[in-house]
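In what follows, a structure is listed as structure tokens, so that the remarks can point back to it.
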Amino acid sequence: MFGELEMVKALLDERKRVVVLTGAGVSAESGVPTFRGQDGLWKSFHTQDLARPDAFESRPELVWEFYNWRRQLVAECEPNPAHHALVELERQIPNFLLITQNVDGLHAKAGSKKLMEMHGSLWQVRCTKCTHAREAREPLPDMPECPVCGHLLRPGVVWFGEPLVAGVLKVAIDQIGRSDVFISIGTSNQVQPAASFYQLAKDHGAVTVEINLEPTPNTGLMDFAVHGKAGEILPELTTGLRESLS
């Protein structure tokens, strides 16, 4: 791992445009459930069956109960060293973008500014009827209503079977296509379109890096792969940059 990490440090010293993609593995180190395996059940329901527009249409009260539980759980979690290291990386690299699949808001809480939450946020709500949308960190009623039109609010996240928010994918593709280094962190590389971002980066000449607890389907296709906890690897990476740039 040491040799790979040193080479990634050298790349970051030399390259000007860096795009980072993060997934559930980063938040798992803060205690946020990944909703896979044993974490994938809630009150005997498979969580992926609740994170769907048809589930919300048929049983909105159940879906909101689930999301209010998630919000309470995440509210007790704090950013970990990986989140803070990415804030430091943003500070050091002028042309930097962090794209996250996570909806917990921990990157923003840590201080990331150049951030794209491609799947939305647990802390956003939007109306099912009108265009009203807002941040809502306060506890919500069991069935929250829109203050503008009175219709039901929904979580401001992208559910399975839904397209990304308009323009988000276009910006992500554009920035990845311009990157010199693309780093995938804490993602299983199984959910599209993010699972194909590394290939887009390679097709445009970027060096690709994987940092993950264990190998993924994309590991053998990456230029560099460093396996272990993101909360241990990323601080080491940014410490090396601080030393080399001082």
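Just so it is clear, none of the values below were taken in a lab; they were calculated from the coordinates. All of these numbers come straight from a predicted model, not from anything done at the bench. All Cβ positions, glycine included, derive from the backbone under ideal geometry; neighbour counts span all protein chains shown.
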Residues whose placed amide H lies under 5 Å from that of L115, excluding near-sequence neighbours: L98
Loop-located trypsin sites (Lys or Arg not before Pro) in the range 135-209, at most 15 other Cβ atoms within 10 Å (DSSP): R137
Residue (of I185, S30, Y67) at the positive-pole extreme of the chain, dipole from beta-carbon charges: Y67
Charged-residue dipole, Cβ positions (Lys, Arg, Asp, Glu), the range 77-219 about Cα centre, Debye nearest 20: 400
Qualifying aspartates and glutamates (Cα of each under 12 Å from Cα of K113; at least 8 residues distant if same chain): E88, E90
Lys/Arg +1, Asp/Glu -1 at C-beta; the chain dipole; positive extreme among P94, P79, L21: P94
Too-long pairs where the Cα-Cα distance tops 27 Å, listed order kept, from K43/K229; K16/K202; K9/K170: K43/K229; K9/K170
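Relative contact order (percent) for the chain, with alpha-carbon contacts under 8 angstrom and 6 or more residues of separation?
Once normalised by length, the contact order is 26 percent.
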D142/V171 FRET efficiency (R0 35 Å; Cβ-Cβ; nearest 0.05): 0.50
Within the chain: Cβ-based charge dipole about Cα centre, in debye rounded to nearest 20 (Lys, Arg +1; Asp, Glu -1): 640
Among L152, L122, L98, residue whose mean-square fluctuation peaks in a GNM of the chain (springs only between Cα atoms under 10 Å): L152
Tensor-based shape of the range 73-133 (alpha-carbon gyration tensor, a/c under 1.5 rounded, otherwise prolate or oblate): oblate
Check: the range 1-128 dipole with +1 on Lys, Arg Cβ and -1 on Asp, Glu Cβ, in debye: 360
